[in-house]
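Just below is one structure, and these are the notes that go with it.
The values are calculated or read from the model by the stated rules, or taken from the named source; none is laboratory data. The structure presented is a predicted model; accordingly, all values stated were derived computationally and were not measured. Every residue, glycine among them, receives a Cβ derived from its backbone with ideal geometry; neighbour counts consider all protein chains shown. Note: accessible area is taken over every heavy atom of the protein model, side chains too, but ligands, DNA and RNA are not part of it. Shrake-Rupley method; radii C 1.70, N 1.55, O 1.52, S 1.80 Å.
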Amino acid sequence: MAKIKVTKVRSVINRPKDQKQTMEALGLRKIGQTIEHEDTPSILGMINKVNHLVSVETK
């Protein structure tokens with residue numbers, strides 16, 4: 001499967017609890033942190049939920 005890079009670009013302060021938990025589940029804690037994930041439907045769904053807080057690039 002393809003890999004995707006997810007980078008946290010915005011803070012989760014004043015965001016709903018489910019968005020905070022989604023960011024934590026993706027492994028993103030600090031702004032500017034980048035994590036590489038497999039391109040699976042569950043990961044894409046989590047990214048879609050918090051797409052306004054992250055930037056995504058495909059490899």
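If you roll a 1.4 Å probe over the heavy atoms of the protein chains, what accessible area per residue do you get for the chain, in Å²?
Using a 1.4 Å probe on heavy atoms only, each residue of the chain averages 66 Å².
Leaving out ligands, DNA and RNA, what percent of the accessible area of the chain is carbon and sulfur, probe 1.4 Å? It would help to have the intermediate numbers written out before the result.
Working: 1980 of 3880 Å².
C and S fraction of accessible area: 51 percent.
Along each principal axis of its Cα atoms, how long is the chain end to end? Whole angstroms, biggest number first, please.
Each principal axis gives a Cα extent; for the chain these are 34, 21, 16 Å.
Show me 48-58, 12-22 ranked by packing, highest mean number of other Cβ atoms within 10 Å first.
With the highest mean Cβ count within 10 Å placed first, the list reads 48-58, 12-22.
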